[in-house]
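Engineer: Input: one structure, supplied below.
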Amino acid sequence: MSKPIKNNPWYWVPPLYLTEGIPYVLIITVSVIMFKNLGVDNSDIGLYTSFLYLPWVIKPFWSPLVDLYGTKRKWFLVMQLILSITFLGIGLSLPTNSFFLLSLACFWVAAFASATNDIASDGFYLLALKEDQQSFFIGVRSTFYRVAMVTGQGLFVIVAGYLEQRLGDNTQAWSITMVMVAILMLVLTVVNLLTTPKVESQKEYVKEEALTFGKVFLSFFQKKQIGIALAFILMYRLGESQLVKMAAPFLLDARTEGGLALTTSEVGLIYGTFGIIALSVGGIIGGIVISRDGLGKWLLPMILALNIPNFFYFLLAYWQPESAIFPALIVIIEQLGYGFGFAAFMMYLIYIAEGVSKTAHYAIATGFMALGMMLPGMISGFVQEWLGYSGFFLWVVIAAFPGILLVKFVKFPQEFGKKKPSQASL
């Protein structure tokens, strides 16, 4: 087998974050669309698919193992192979009578493998790149992560919708789609094997100063103003954590139930074409401006860009336009703002993780981020059924305010992430 390519981030950052994002979106978001089309109700969808966030919430408890033993590269390659196998299991389980229980079990295993893959991939990113490279490539990284998410939410949903219409059998359509996901994950695993550089050695991971699990874990909570930092992480996406669970059901539900009655293929097409362009533009611009000016100048504008577009979902639910053009326009605006705003969030998490055990600390920070997505998401279906879609999306807008207000209180170097003038261009 040929050796990995020399450490050029343009070769390995895009495929690595495609491979990180695809399983996440399949587990957290596409599972919502799949179960909706297989007849599961909104309250069960919101509860059980939000519970799949749990591995990302508790991953800090095993993240030090990734930091202390083996190399990040070995960890993420093994996890990606496991993910290929679990998605195959999901595809094969759907035609059975116990599809809901069996597919959830497979999603559960996939969630643990995906969370561990995240720990190793993010740790590899932090180790293989210098700070100025990290800030520059945060836009590329975020964009390809979101491209992966839109690929899952777009391309695979389009394929499933096409197969639904062609075969006249939703179960068979989604079974075939999940097998295709398994094949793609296997291909991406091989790509990452060939492109990621070997920047680590086994010896380096029996850590300096004989850091123990407890020391690694507790040192995170000894950082300055950690309470405010954790509150900010939990609140940054409080609105989105609920929106993301009910957006697809809203687009798919009948108009008599308050939805827009779009087809599965239309939902996939909107996210997989217009959305991906807007997302890419927003994410790349976000990374560039942080690299140019530092995080301090852009944190408030970026959190506003992430949350303000949610109001347009309220307008969609209120007016219920018949044309798919209006939902497509809203998705363009929302994805542009999300790509731009999420770049700041990721850069802030990198700042929080600074230190000797940055891989484990980054995992802890993202674990709290996942907790902020899981708990509100678990009740989102019940809130939607209680308030209706219009009231629900208005609540989502209101839920953004705590995170926005906390921007004033979080502390970090204003020029964190800014590229130093003396450094040569990448």
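Engineer: From the backbone phi of the range 305-322, what are the Karplus-calculated ³J(HN,Hα) couplings (6.51 cos²θ - 1.76 cosθ + 1.60, θ = phi - 60°) in whole Hz, Gly and Pro given as x?
Structural biologist: 5, 6, 9, 4, x, 4, 4, 5, 5, 4, 5, 4, 5, 6, 8, 6, x, 7
Engineer: Considering the chain as a Gaussian network with a 10 Å cut-off on Cα pairs, which listed residue, 40, 147, 396, attains the greatest mean-square fluctuation?
Structural biologist: The residue with the greatest mean-square fluctuation here is 40.
Engineer: Taking the Kirkwood radius as the inverse of the mean 1/r across Cα pairs, report the Rg/Rh of the chain.
Structural biologist: My calculation puts Rg/Rh at 0.95.
Engineer: Which pairs break 23 Å Cα to Cα here: 358/419; 245/418; 215/297?
Structural biologist: 245/418; 215/297
Engineer: Another question, then. At 1.4 Å probe size, with the rest of the protein present, what percent of the exposed accessible area of the range 86-205 is carbon and sulfur atoms?
Structural biologist: 67 percent
Engineer: Please give the per residue accessible area of the range 267-313, computed with a probe of 1.4 Å over protein heavy atoms only, in Å².
Structural biologist: Spelled out: the 1.4 Å probe surface of the range 267-313, per residue, equals 36 Å².
Engineer: Could you please state, rounded to a whole Å, how far the C-alpha centre of the range 394-414 is from the C-alpha centre of the range 158-172?
Structural biologist: Using only Cα atoms to place each centre, the spacing works out to 41 Å.
Engineer: Among 230, 218, 295, whose mean-square fluctuation peaks in a Gaussian network model of the chain (Cα, cutoff 10 Å)?
Structural biologist: It is 218.
Engineer: To continue, here is another question. Between residue 297 and residue 172, what length comes free when the chain is fully extended (0.36 nm per residue of separation minus the Cα-Cα distance, one decimal in nm)?
Structural biologist: Answer, rounded to one decimal: 40.0 nm.
Engineer: Figure the gain on full extension for residue 379 and residue 65 (residue separation times 0.36 nm, minus the Cα-Cα span) and round it to one decimal in nm.
Structural biologist: This chain segment gains 109.8 nm when fully extended.
Engineer: Follow-up. Quick one: Cα centre-to-centre distance for the range 26-79 and the range 282-322, in angstrom?
Structural biologist: What the calculation gives is 25 Å, centre to centre.
Engineer: In terms of the Cα gyration tensor, with a ≥ b ≥ c the square roots of its eigenvalues, is the range 42-122 rounded because a/c is under 1.5, prolate because a/b exceeds b/c, or oblate?
Structural biologist: Cα axes put the range 42-122 in the oblate bin.
Engineer: Here's something else I'd like to know. If I stretch the segment between residue 47 and residue 97 completely, what's the gain in nm (0.36 nm per residue apart, minus their alpha carbon distance), one decimal?
Structural biologist: Gain on stretching residue 47 to residue 97: 15.9 nm.
Engineer: Would you calculate, for the chain, the mean residue ellipticity at 222 nm contributed by helices, counting each DSSP H stretch of 4 or more residues as -39,500 (n - 2.57) and dividing by all residues, to the nearest 500?
Structural biologist: Helices in the chain give a 222 nm mean residue ellipticity of -24000 deg cm²/dmol.
Engineer: With charges set only on the Cβ (+1 for Lys and Arg, -1 for Asp and Glu), what does the dipole of the range 208-335 come to about its Cα centre, in debye to the nearest 20?
Structural biologist: So the dipole magnitude of the range 208-335 works out to roughly 480 debye.
The values are calculated or read from the model by the stated rules, or taken from the named source; none is laboratory data. Source: prediction; values computed, not measured. Neighbour counts run over all protein chains shown; Cβ positions are idealised from the backbone, glycine included. Ligands, DNA and RNA are excluded from the accessible area calculation, which covers all protein heavy atoms including side chains. Shrake-Rupley method; radii C 1.70, N 1.55, O 1.52, S 1.80 Å.
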